[in-house]
Structure formats: structure tokens, C-alpha cells
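S.K.: Quick one: structure below, then a few questions.
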Amino acid sequence: MDRRRFLELAGVLPLAAAAASCTRYEESSGRRAPTSGPTGGDLAESGPLYQVSLAEWSVNRSVQAKKLDHLDFPKYARSVGIDAVEYVSTLFADGKCDAKYVAALKSRCEGEGVQSLLIMVDGEGNLGAAEPAARAQAVANHHRWVEAAADLGCHAIRVNARSSGSYDEQADRAADGLRQLCDYGDRFGIDVIVENHGGLSSDGAWLAAVMRKTDHPRVGTLPDFGNFSISKTEVYDRYKGVEELMPFAKAVSGKSYAFDAKGRETKIDYARMMKIVVDAGYRGYVGIEFEGAGAAREGILATKALLESVRADLAKN
């Protein structure tokens, strides 16, 4: 079950409960906006073509079953040889992102030598809601995650561009909500990036148009290799979609499901996909998001090995 479907079925973090569970920061707290972390063009040209990070959704089953504490995720990442992480808001313990909890998580990261890159935010309302008031509320619901991301030293939060209405209406509404949230992100040095995550957001041309309509330096995309189901009957071409989204990419999600005897992903041609990523000039992190039925650790390690193998091949060309 993918993350979007899980959220729909489970009904996690209703808006009212989520708002109550997290203390908002005060503007007078003296917080300092962090330096933005590595994104599309930030890694040195002399370094690797890209680096590998770990998305928390890869271990969501363990976190939900309370076999892995969310605060121990940085330690887990280090145990599989990865030193940069991407969190999922719905896996924070009880939806907490108050200053004390965030400080504890940051301390764990510092202890393990792990860098926090972004928070994937779900369950906070539709940024492209049809009614302006609902749209504004969804934007406000995301503020706490912008603040938490800043305190963790992340460079971005990942959001959804879910909306309703016609093709063009949804683009206009999503762009409006994103622009409002980007304005808030400006205050904390946090980018707002959108994943292809179902509905029209899985239409690469539509989401690229939303980026242009939003027209804000903080907005960007997080192309996911696997999330291109627009509906139960319509699937967008994943390679075309990633190519359309890469000009706006501030992060990349390396989705994986299963591997053959030679270590190749069985659904996604990683050599072809990563060539698209690199040819677009992207030099940031590629976040492992294993979503297969097998053991998470094995899937993560297999994805890491594949990304590193493809990187070595691409570097030869």
C-alpha cells in the first residue's frame, strides 16, 4: 500500500487534532533561519553526481508497529550507511512537532552525524482547495511544519497539490495555495516542494504548469519515480513525467519495489531514470523510498547499491 492510499484509508491526523497536538512557535522566539541544505545545484561539481538519502516512509511499517521509534530513525539510517534523512510528518510520535520534540530529534541527528533534509507533510488539508478560506486554512496548517523543518536544519517541506475542479481551475487553485505557503517559507529559509502524488499531480505536464503559475523562488518539485497513477484507470508515463518535473526539482525520490537476481529494480529502469535526473543538471540527494513487500532493510540496501552502481556507470560517460 503506498503512502497516499494509506493516508486516505487510515484518516491520519485529522486537521483539528493535528492543530491541537503541535505547539506553534512564536515569532518573538528569536529563531534563526537555517542555511538551505543541498538541493538540485548545491553539491560541488567535483563531488559525486548525486548523493543518497533515506526517506522515512521506507520504514513506515516498523514505525507504525512501534518496532522503530521515530526518534531512532537517524540511528537506523546510519546503520545502513546513510547520513541524510527525509522525514514523514504522519510518523512523528503523536503528530508532535513542538520545540521540545524537534530539539530531541535534532540532538539524535547530531549524535549520529546525520543531516535532516526535508519533511514530507500529509494530512494537513488541500493547498488547492476550491474555497479560498479552506485553502488559507490548509496553508496555515502547514506553518508548523515549515517551522519544525527550519529548526531541524532541513531545506524544504514536501507538500501535496491536491485540488478539485477542472484541469485549469485546479492548477490556479494549487498555485495560489503554494504561493501563500512559499511566502511563509521565505521567512524561515524553507522551500516548498511538490511530489507527484496522485490525481492531477501525477500528470507531469500539469504539475510543471503549476510550478510556472506559482512563480516563486521557493517552490519546486520532488519527482517520485513511482507515483504516476492519475486514477485507477489512467497512468502517466513515468519517464516522461520525471523529465517534465526535473527542471523544477529541489529533491528526488528513488522509489523501489523489488529486485531481480542482478540487483535491478523490476518495475523501474534505474539507468534510464537516473540519466534523466543527471542530464537535467541535478546534483542533489536522491532519497531511497522502498515500498516493496519484502523486508525494509534488504530493500533499502538493494536500492542504495543500485543507485551507487548506476552513479558509477553514469560518471564514466
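S.K.: Considering only the stretch 130-152, I want to know if a residue exists there that is in a helix (DSSP H, G or I), basic (Lys, Arg) and in contact (Cβ under 8 Å) with a residue 12 or more places away in the chain.
M.R.: Going through the stretch 130-152, the residues in a helix (DSSP H, G or I) turn out to be 132-152.
From what is left, the residues that are basic (Lys, Arg) are 135, 144.
Remaining after also requiring in contact (Cβ under 8 Å) with a residue 12 or more places away in the chain: 135, 144.
Yes: one or more hits.
S.K.: Related question: Given the conditions (1) open to solvent by less than 30 Å² (accessible area, probe 1.4 Å); (2) over 20 Å from GLY95 (Cβ atoms); (3) small (Gly, Ala, Ser), and given that ALA148 satisfies all but one, which numbered condition is not satisfied?
M.R.: In the conditions (1) open to solvent by less than 30 Å² (accessible area, probe 1.4 Å); (2) over 20 Å from GLY95 (Cβ atoms); (3) small (Gly, Ala, Ser), ALA148 misses (2) alone.
S.K.: What single numbered condition from (1) under 17 Å from GLU56 (Cα atoms); (2) in contact with a strand residue (DSSP E or B) (Cβ under 6 Å, 6 or more places away or on another chain) fails to hold for GLY292?
M.R.: Only one criterion in (1) under 17 Å from GLU56 (Cα atoms); (2) in contact with a strand residue (DSSP E or B) (Cβ under 6 Å, 6 or more places away or on another chain) is unmet by GLY292, namely (2).
S.K.: Looking only at the stretch 253-266, filter to residues that are part of a loop (DSSP other than H, G, I, E, B) and in contact with a Phe, Trp or Tyr (Cβ under 9 Å, 6 or more places away or on another chain); which one of those is most open to solvent (accessible area, probe 1.4 Å)?
M.R.: Looking at residues that are part of a loop (DSSP other than H, G, I, E, B) and in contact with a Phe, Trp or Tyr (Cβ under 9 Å, 6 or more places away or on another chain), I get ARG264.
S.K.: Just the residues that are surrounded by fewer than 23 Cβ atoms within 10 Å (Cβ to Cβ) and under 21 Å from the mean Cα position of the chain (by Cα), please, taken from the stretch 123-134.
M.R.: GLY123, GLY125, ASN126, ALA129
S.K.: Now, a different point. Given the condition of a type in the set (Val, Ile, Thr), in contact (Cβ under 8 Å) with a residue 12 or more places away in the chain and in a strand (DSSP E or B), answer yes or no: does some residue in the stretch 91-110 qualify? Give the derivation first.
M.R.: We begin by selecting, within the stretch 91-110, every residue of a type in the set (Val, Ile, Thr); these are 102.
Now drop any that are not in contact (Cβ under 8 Å) with a residue 12 or more places away in the chain, which leaves 102.
Then drop every residue that is not in a strand (DSSP E or B), which leaves none.
No, there is no match, as no residue in the stretch 91-110 is of a type in the set (Val, Ile, Thr), in contact (Cβ under 8 Å) with a residue 12 or more places away in the chain and in a strand (DSSP E or B).
S.K.: Being open to solvent by less than 10 Å² (accessible area, probe 1.4 Å) and under 17 Å from the mean Cα position of the chain (by Cα), is that true of even one residue in the stretch 267-275?
M.R.: no
S.K.: In this structure, does ASN160 turn out to be in contact (Cβ under 8 Å) with a residue 24 or more places away in the chain and open to solvent by 20 Å² or more (accessible area, probe 1.4 Å)?
M.R.: Values: in contact (Cβ under 8 Å) with a residue 24 or more places away in the chain: yes; open to solvent by 20 Å² or more (accessible area, probe 1.4 Å): yes.
In short, yes.
S.K.: Can you name the residue in the stretch 203-246 that is outside any helix (DSSP H, G or I) and of a type in the set (Asp, Glu) and is also least open to solvent (accessible area, probe 1.4 Å) among such residues?
M.R.: Checked the stretch 203-246; the qualifying residue least open to solvent (accessible area, probe 1.4 Å) is ASP224.
S.K.: Specify which of the listed residues (GLY185, GLY165, GLY189) is more than 14 Å from TYR87 (Cα to Cα), in a helix (DSSP H, G or I) and either touching a helix residue (DSSP H, G or I) at 6+ places or on another chain (Cβ under 8 Å) or modelled with pLDDT of 95 or more (or both).
M.R.: After ruling out the rest, the residue left standing is GLY185.
S.K.: Please state which one of SER36, SER62, SER107 is more than 23 Å from ALA293 (Cβ to Cβ) and either over 20 Å from the mean Cα position of the chain (by Cα) or modelled with pLDDT of 95 or more (or both).
M.R.: SER107
S.K.: May I pose another question? Looking only at the stretch 289-302, decide whether some residue is in a loop (DSSP other than H, G, I, E, B), among the hydrophobic types (A, V, I, L, M, F, W, C) and open to solvent by less than 50 Å² (accessible area, probe 1.4 Å). Steps first, please.
M.R.: As a first pass, look at the stretch 289-302 and keep what is in a loop (DSSP other than H, G, I, E, B): 291-295.
Now drop any that are not among the hydrophobic types (A, V, I, L, M, F, W, C), which leaves 293, 295.
Restricting the remaining residues to those that are open to solvent by less than 50 Å² (accessible area, probe 1.4 Å) gives none.
So far as the stretch 289-302 goes, no, none of its residues is in a loop (DSSP other than H, G, I, E, B), among the hydrophobic types (A, V, I, L, M, F, W, C) and open to solvent by less than 50 Å² (accessible area, probe 1.4 Å).
S.K.: Which pairs do you get when a residue that is over 19 Å from ILE276 (Cα atoms), found in the stretch 46-59, comes within reach of a residue that is modelled with pLDDT under 95 and surrounded by fewer than 24 Cβ atoms within 10 Å (Cβ to Cβ), reach meaning Cβ atoms under 8 angstrom, with the pair 6+ apart or on two chains?
M.R.: Pairs that qualify, where the first residue is over 19 Å from ILE276 (Cα atoms) and the partner is modelled with pLDDT under 95 and surrounded by fewer than 24 Cβ atoms within 10 Å (Cβ to Cβ), are TRP57/ARG3.
The values are calculated or read from the model by the stated rules, or taken from the named source; none is laboratory data. Since the structure is predicted, the reported quantities are computational estimates derived from the model, not experimental observations. Don't worry about glycine lacking a Cβ; one is built from the backbone with ideal geometry, like all the others, and counts go over all protein chains shown. The area values use the complete protein model at the heavy-atom level, side chains included, leaving out ligands, DNA and RNA. Shrake-Rupley method; radii C 1.70, N 1.55, O 1.52, S 1.80 Å.
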